[in-house]
Amino acid sequence: IYADPAKRLELYFRPKDPYCHPVCANRFPTSTMLLKVKRRTKKKKKKQLDSEEQTQPEVHFEMEILGTVTTVYKFQGMSDFQYLAMHSGPDGKQMSMYDKVLMLKPEKEEFFNRELPLYIPPPIFSRLDTPADYFYRPDIHHRSGYNNPQVSGENLIGLSRARRPHNAIFVNFEEEKIPTKPLDAAVQTWKKMCTNPVDKKVEEDLRKLFEIRPVWSRNAVKANISVHPDKLKLLLPYVAYYMLTGPWRSLWVRFGYDPRKHPEAKIYQVLDFRIRCGMKYGYASNDMPVKAKRSTYNYSLPITVKKPVSHTVSVHDLKQGLGSPGTSGAKKPGSSGYKLKESVYIFQEGALPPYRQMFYQLCDLNVESLQKIIHRNDGTESECTERDGWCLPKTSDDLRDSMCLMIKQIIKSTRP
């Protein structure tokens, strides 16, 4: 802990209890001394007038300075709830379950088939151990006769935040009609933001992409065009609509093009691929070949002093030509600008995906064996379904199995 300044010192009240939740100490610089103090006691006898003997110890101290202390850890936070593996019996007595739920040695099958009371400790504890003020807003006093507007179910507090559309048109697979032109608000927003020749060039490049291929993912666009992400949010709704469900979900489709009516749109369908975990694939859960971006179960409690400062982009910056590098008024972010690598949307044989979960379009699986699986029913497509699109049933499962086998072979070649 001392070697990493970003970590906090943990104190466990019951070190042998795996369910014990620790309290954490923050690291502080200090300039103090470490003292070694010895207390020496020497007993002596003194006769009293009543001829009774009473022992009076003689005490003196010895002090020595051993060194200086530059870092201290202070436990300033609140202690969280502690969960014990206990069960309340019918008579109200508490029964310990540690010997029943903890496997301290190899056990036989009977150990796992025993009937036990349900005990589920919390998987995640609070990441904050200091009180925080919420600063609730005071109630608003309206004039007489005011009625609150009706609130739809989409605006209620839930597990996910409300969608921020940026004037985009969202289409479900069940909808019969598809949009042929953008919203007026999307047109006005882009025209207002498109203030220099660089932005117009980016718009032309994006239109050419959708002429070559009517369906694109956001990552695929970012890998082919150098455009600022904040400008791409405004440009995409200007030239395409967004599919929410079905085989083209999470993809942008050119206005006026309905992939459900064109069997050749099969190659643009999306494949949700995730790297499988397990020893039968050549690695354990803690030894994944592609590291996770973040983990819920492996984190340090945040130290607010060292939180990174977010860098926001103002509208003025966007108008100064951040749409693409190379302009006089903009900072040059590098030779490739805002372009992403091809690996973010193309699957190549012999290379690992950059992330554990990837969304590939079928035409971007650059492996001959995978393309044979996709084109098994060319010319005989009869119906476009929400799950498989124009492909044969379970085509996605066959693709995932083949891709996992390729990744397994890559791992074996690197770790013989």
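The values are calculated or read from the model by the stated rules, or taken from the named source; none is laboratory data. Just so you know, these numbers come straight off a predicted model, no measurement behind them. All Cβ positions, glycine included, derive from the backbone under ideal geometry; neighbour counts span all protein chains shown. The area values use the complete protein model at the heavy-atom level, side chains included, leaving out ligands, DNA and RNA. Shrake-Rupley method; radii C 1.70, N 1.55, O 1.52, S 1.80 Å.
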Practice item. Specify the residue that is nearest to ILE212 (Cα to Cα); the eligible residues are those in segment 237-264 that are hydrophobic (A, V, I, L, M, F, W, C) and crowded, with 21+ Cβ neighbours inside 10 Å. Key: VAL253
Point to revise | Residues of segment 187-210 satisfying the condition of being closer than 29 Å to MET358 by Cα and touching a residue at least 12 places away in the same chain (Cβ under 8 Å) | key: VAL202, GLU203, ASP205, LEU206, ARG207, LEU209, PHE210
Exercise for review: Return yes when ASP398 is in a helix (DSSP H, G or I), surrounded by 11 or more Cβ atoms within 10 Å (Cβ to Cβ) and not aliphatic (A, V, I, L, M) and no when it is not.
Suggested key: yes
**Study point:** Pairs with Cβ under 9 Å, 6+ apart, first in segment 83-106 and within 17 Å of PRO15 (Cα to Cα), second open to solvent by less than 70 Å² (accessible area, probe 1.4 Å) and part of a helix (DSSP H, G or I)
**Key:** LEU84/TYR98; ALA85/TYR98; ALA85/LYS100; ALA85/VAL101; MET103/PHE111
Review point. Of the residues that make up segment 163-174, is at least one under 21 Å from TYR338 (Cβ atoms) and out of contact with any Pro (no Cβ under 9 Å at 6 or more places or on another chain)?
Key: yes
Study note, to complete from the structure: Flagged in segment 186-204 as open to solvent by 40 Å² or more (accessible area, probe 1.4 Å) and assigned to a helix (DSSP H, G or I), in numbering order, are VAL187, GLN188, THR189, LYS191, LYS192, PRO197, LYS200, LYS201, GLU204
Review point. Among the residues of segment 136-143, is any in a loop (DSSP other than H, G, I, E, B), among the β-branched types (Val, Ile, Thr), modelled with pLDDT of 80 or more and open to solvent by 90 Å² or more (accessible area, probe 1.4 Å)?
Key: no
Review point. Taking the stated definitions as given, is PHE61 open to solvent by 100 Å² or more (accessible area, probe 1.4 Å), farther than 30 Å from VAL23 by Cβ and modelled with pLDDT under 90?
Key: no
Practice item. State whether one or more residues within segment 385-404 are within 21 Å of TRP252 (Cα to Cα), basic (Lys, Arg) and modelled with pLDDT under 95. Key: yes
